[in-house]
Amino acid sequence: MLEIRLNCEHCNKELKPDSTEAMICSFECTFCKSCVDLVLENVCPNCGGGFHQRPVRPSRNLKSDNYLGVYPASDKRVYKPVDVIEHNEFSRKIKGIKPERR
């Protein structure tokens with residue numbers, strides 16, 4: 001089950017559970033779409049994978065209690081701004097490779 005973290009790890013932007021700007025990698029590192037596109041260039045600084053839009057968990061009970069009321073978003077906040085120079089060096093070699101091929 002996704003944690004649904006509430007902030008961008010790089011810029012600390014608020015990413016509410018219904019945000020369509022939240023992007024995650026397969027380890028659920030969470031960044032805003034702007035940071036993924038403009039800073040990270042679709043390379044996760046923690047694992048090297050790519051990003052996808054984070055799914056939105058329903059806010060109300062549509063079926064079988066599978067909603068935020070029973071499974072709330074995490075209160076865990078991760079804020080560790082990326083060293084852009086270091087990330088550029090890391091991602092330079094792999095950003096041209098499609099994430100599914102990395």
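What follows is calculated from the coordinates using simple rules that are stated; it is not laboratory data. Quick caveat, the model's predicted, so the values are computed rather than measured. Cβ atoms come from the backbone with ideal geometry, glycine included; neighbour counts cover every protein chain shown.
Evaluating 6.51 cos²θ - 1.76 cosθ + 1.60 at θ = phi - 60° for every residue in region 60-71, the Karplus couplings come out as 10, 6, 8, 6, 6, 6, 9, 7, 4, x, 9, 10 Hz, glycine and proline recorded as x. Helix-only arithmetic for the chain: the sum of -39500 (n - 2.57) across DSSP H runs with n ≥ 4, divided by the residue total, places the mean residue ellipticity at 222 nm at -2500 deg cm²/dmol. Measuring between alpha carbons in the structure, the pairs from Lys33/Lys80; Lys33/Lys76; Lys13/Lys93; Lys16/Lys80; Lys63/Lys98; Lys16/Lys93 lying more than 26 angstrom apart are Lys13/Lys93; Lys63/Lys98; Lys16/Lys93. Sorted on the mean count of surrounding Cβ atoms within 10 Å across their residues, most packed first, peptides 70-80, 23-33, 44-54 read 23-33, 44-54, 70-80. Size check on region 9-102: the Cα extents along the three principal axes, sorted descending, read 46, 27, 17 Å.
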